[in-house]
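Below is one structure, written out as structure tokens, with a few remarks after it.
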Amino acid sequence: MNQESMTTGLLIRRVLALSLIGFLVVTFSGPLAVLIGFALVGWVVYSLYLMIFKQQPPASLAPFFHWTRRVTVRAFRVIRWPVVKLWQGARGITGLTLGTLQSVYTVGCEAVSGGVLGAALGVVVGVPTQWDHVSVAAGGVAGALLGLYLGLQHLRTQRRLQAKQKQLVASLS
């Protein structure tokens, strides 16, 4: 059995998926339950009519259950395609959003930490020479640019690794 580590993104996706499934069940079960309820009441009234006025045995419920099963199966066949497409779209949007947030976070952290370290280096170099007003700004900009470059390279390396993993899985299956 393949066990995945529970990440925040996976937890959010599962909560959203279960919420969507619950919403759809509640939405589509209401009208169906109302129809079935009215049909049962109609059967009771019709059976009473047959017993009292026609002196016949009550009608069998077998055709009713057969009809109910057919209607339910058809209803779920009709809604299956939109639900599947909605689910696939939600998974795609969630993955894209979480991937974008992770990328922005990675690049942002690299750029900010590089900027801070560059500014700190500018202070160390500039204070003894009394050029700290120039060296701090130059070090901060250079560090931020270096951090931005390293963050983008990190993302590129991750994407290459994911592509190689997909190729390996495809070659094994």
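Helix 8-53 and the long axis of the chain differ in direction by around 10°, with both axes built from C-alpha atoms. A straight line joining the Cα centroids of region 80-110 and region 118-173 runs 25 Å.
Measuring nothing but how far apart in sequence close Cα pairs (under 8 Å, 6+ apart) lie, relative to its length, the chain scores a relative contact order of 15 percent.
Only helical DSSP H runs with n ≥ 4 go in: add -39500 (n - 2.57) per run for the chain, normalise by residue count and round the 222 nm mean residue ellipticity to 500 deg cm²/dmol.
Values: 3 runs with 155 residues, N = 173.
It lands at -33500 deg cm²/dmol.
Normalised size of the chain, defined as Cα radius of gyration per 2.2 N^0.38 Å with N residues, equals 2.07. Among Phe23, Phe76, Phe38, the largest mean-square fluctuation in a Gaussian network model of the chain (Cα springs under 10 Å) belongs to Phe38. Around the Cα centre of the chain, unit charges on the Cβ atoms of Lys, Arg, Asp and Glu (plus for the first two, minus for the last two) sum to a dipole of about 1120 debye. Sorting His154, His133 from the fewest to the most surrounding beta carbons within 10 angstrom yields His133, His154. For region 70-86, the Karplus equation 6.51 cos²θ - 1.76 cosθ + 1.60, evaluated at θ = phi - 60°, returns couplings of 4, 5, 5, 4, 5, 4, 6, 5, 5, 8, 4, 4, x, 5, 5, 5, 5 Hz by residue, with Gly and Pro reported as x.
Every number here is computed from the coordinates shown, using simple stated rules; none is lab data. Worth saying up front: this structure is predicted, and the values here are computed from it rather than measured. For neighbour counting, all protein chains shown are included, and Cβ atoms are generated from backbone atoms with ideal geometry for every residue, glycine included.
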